[in-house]
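Here is the structure we will look at.
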Amino acid sequence: MSNIQIVKLTTGEDIMGDVESQEVEGKEGFLLINKPAIIMMMPKPGSDTDFGVGLAPYAPFSKDHKVPVFPQHVVSVYDPGVWFRYYPTRLYK
């Protein structure tokens, strides 16, 4: 079962993916993001004032498309809106 969430990092990046807790070297609290996608604001074609949302693979060369995140780099973790949660699966077909 997937747990699609958005992770806000201290760098300001918003990463969406299937998130699970992971223990690394005996320490708990790490997040493992499966098939991560970065959320970006993008200008709409032909407009200087209108923006939309775009997704791109995050760490596209990671093994098995899995990225561990240190807990001190996480600002917030939250659920995306229903209309948004199925988009990352299209990036990794």
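The values are calculated or read from the model by the stated rules, or taken from the named source; none is laboratory data. If you're wondering where the values come from, they're calculated on a predicted model, not measured in any experiment. Heads up, the Cβs are rebuilt from the backbone with ideal geometry, glycines too, and the neighbour counts pull from every protein chain shown. Keep in mind that these areas ignore ligands, DNA and RNA; they rest on the heavy atoms of the full protein, side chains included. Shrake-Rupley method; radii C 1.70, N 1.55, O 1.52, S 1.80 Å.
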Q. Which members of segment 35-77 meet the condition of being over 16 Å from Leu9 (Cα atoms) and either of a type in the set (Asp, Glu) or in contact with a Gly (Cβ under 6 Å, 6 or more places away or on another chain) (or both)?
A. Lys35, Met42, Lys44, Asp48, Asp50, Asp64
Q | Candidates Gly54, Gly81, Gly46 - the one that is of a type in the set (Gly, Ala, Ser), over 30 Å from Lys27 (Cβ atoms) and assigned to a strand (DSSP E or B) | A | Gly54
Q. Out of curiosity, is Gly81 of a type outside the set (D, E, K, R) and either modelled with pLDDT under 90 or open to solvent by 50 Å² or more (accessible area, probe 1.4 Å) (or both)?
A. yes
(Q) Here's a check for you: in segment 57-69, which residue that is under 11 Å from the mean Cα position of the chain (by Cα) and not in a strand (DSSP E or B) is surrounded by the fewest Cβ atoms within 10 Å (Cβ to Cβ)? (A) Ala59
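Considering only segment 6-43, state which residues are in a loop (DSSP other than H, G, I, E, B), modelled with pLDDT under 90 and charged (D, E, K, R).
Glu25
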Q. Residue check, Ile6 against (1) touching a residue at least 60 places away in the same chain (Cβ under 8 Å); (2) loosely packed, with under 11 Cβ neighbours inside 10 Å, all met but one. Which one?
A. (2)
Q) If you scan segment 21-41, which residues turn out to be of a type outside the set (Lys, Arg) and open to solvent by 90 Å² or more (accessible area, probe 1.4 Å)? A) Ser21, Glu23, Glu25, Glu28, Met41
(Q) If I go through segment 1-51 residue by residue, how many of them are among the hydroxyl-bearing types (Ser, Thr, Tyr) and touching a helix residue (DSSP H, G or I) at 6+ places or on another chain (Cβ under 9 Å)? (A) 3
